[in-house]
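Chemist: For reference, the structure I am asking about is given below.
The values are calculated or read from the model by the stated rules, or taken from the named source; none is laboratory data. Note that the structure is a prediction, hence the values are computed from the model and not measured. Cβ sites come from the backbone with ideal geometry, for glycine too, and all protein chains shown count toward neighbours. Side chains included, ligands, DNA and RNA excluded: accessible areas come from the protein's heavy atoms. Shrake-Rupley method; radii C 1.70, N 1.55, O 1.52, S 1.80 Å.
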There are 2 protein chains.
Amino acid sequence: MVKSTVDGVAHAIASAPRRRLVGRLAEGPATMSELAEVLGITLPAIDKHVRVLEAAGLARKRRVGRQAIVTLEAGGLDLLADWATGMRAMWRARLSDFADHLQEEQP
Amino acid sequence: MVKSTVDGVAHAIASAPRRRLVGRLAEGPATMSELAEVLGITLPAIDKHVRVLEAAGLARKRRVGRQAIVTLEAGGLDLLADWATGMRAMWRARLSDFADHLQEEQP
């Protein structure tokens, strides 16, 4: 299993086609052909995108018989969601402190 | 005010130094010199990073007297957090459906 980093995940999803693949995978596992159909691109082109998602720890590709099945890995999403919500929470707490401070300054 | 896109925000934060700046700004507004100190880099180098954050709708720079003050813009963080948590929620709902389905299959 790949260790996700915020760098890797952010890089991987800074591409609209790759976000569409993540969106499709969030609905359940897919074959490479199904993913190629989602974007209307060739299998080699899908393979490149899937490799980026795999390297970021956002997806995993396994052979099941003659099919290659791609599954979402939630760890990468967790990492990104936690980073963004953590920053937002910190910022909101500061805004709230600031609002309290302004109230205290009122006569 | 800049309209954030997930592309822009993801690109902006796919850089450890820029994430550190976002972390500093989440604690409250900062001058350009304070931001330069956080990363231990020059003002022109900070300016480049701040421009990327501004273009992504993650920060805003204003002149206050002779100082340039940078403030976090929460909209960009909201967009990213919402995207990642939305994908995660969709994926978890599918996993939960799948688990229910397996239970129903049990004798």
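Chemist: I'd like to know how the protein assembly as shown sits against the 2.2 N^0.38 Å rule of thumb: what's its Cα Rg over that expected value? Write out the running numbers ahead of the final one.
Modeler: Working: Rg = 20.6 Å, N = 214, 2.2 N^0.38 = 16.9 Å.
Against the empirical 2.2 N^0.38 Å value, I get 1.22 for the protein assembly as shown.
Chemist: Now, a different point. For residue B:83, tell me the accessible area in Å² from a 1.4 Å probe, rounded to the nearest 10.
Modeler: 40
Chemist: Continuing with this model, one more query. Gaussian network model of chain A, Cα springs within a sub-10 Å range: biggest mean-square fluctuation belongs to which of A:57, A:86, A:76?
Modeler: Taking springs between Cα atoms under 10 Å, the residue moving most is A:86.
Chemist: Now for a different question. In nm, give the distance between the simple-model label positions of residue B:31 and residue B:105, each being 7 Å from the Cα along the Cα-to-Cβ direction.
Modeler: 6.5
Chemist: Give me the inter-chain shielding for B:87-100: mean count of other chain Cβ atoms within 10 Å, whole number please.
Modeler: Numbers: counts 14, 8, 3, 8, 10, 3, 2, 6, 3, 0, 1, 2, 0, 0.
Mean shielding count: 4.
Chemist: Taking H as built 1.01 Å from N, whose amide H comes closer than 5 Å to the amide H of residue A:31, not counting residues under 5 places away?
Modeler: Here the answer is A:70, since their amide H atoms fall under 5 Å of that of residue A:31.
Chemist: For the range B:8-76, run through the trypsin sites (Lys or Arg not before Pro) and keep only the ones in DSSP coil with at most 10 other Cβ atoms within 10 Å of their Cβ. Kindly include the intermediate steps, with their values, before the conclusion.
Modeler: Details: sites: B:18, B:19, B:20, B:24, B:48, B:51, B:60, B:61, B:62, B:63, B:66; in loops: B:66.
Listed in order of number, the matching sites are B:66.
Chemist: Still on this structure, please answer the following. Using the Kyte-Doolittle scale, which helices in chain B average at least -0.5 and also have C-alpha atoms spread 30 Å or more along the helix axis, with helices defined as whole DSSP H runs?
Modeler: B:74-105
Chemist: So, one more: Provide the per residue accessible area, probe 1.4 Å, for chain A, rounded to a whole number of square angstrom.
Modeler: Working: 6000 Å² over 107 residues.
Value for chain A: 56 Å² per residue.
Chemist: Ok, one more. Which values of log₁₀ I(q)/I(0), to two decimal places, follow from the Debye formula for the range B:1-97 at q = 0.11, 0.20, 0.25 Å⁻¹ with a uniform point scatterer at every Cα?
Modeler: Ignoring solvent entirely, the Cα scatterers give -0.36, -0.91, -1.29.
Chemist: As an exercise, identify the GluC sites (Glu not before Pro) in chain A lying in DSSP coil whose Cβ has no more than 14 other Cβ atoms within 10 Å. Mind dumping the intermediate values first?
Modeler: Working: sites: A:27, A:34, A:37, A:54, A:73, A:104, A:105; in loops: A:27, A:73.
Passing sites in chain A are A:27.
Chemist: Quick one: check the C-alpha center-to-center distance for the range B:20-68 versus the range A:37-107, whole angstrom.
Modeler: The range B:20-68 and the range A:37-107 have Cα centres spaced 24 Å from each other.
Chemist: Can you spot the lysines whose alpha carbon is less than 18 Å from residue A:48's alpha carbon? Ignore those fewer than 8 places along the same chain.
Modeler: A:61
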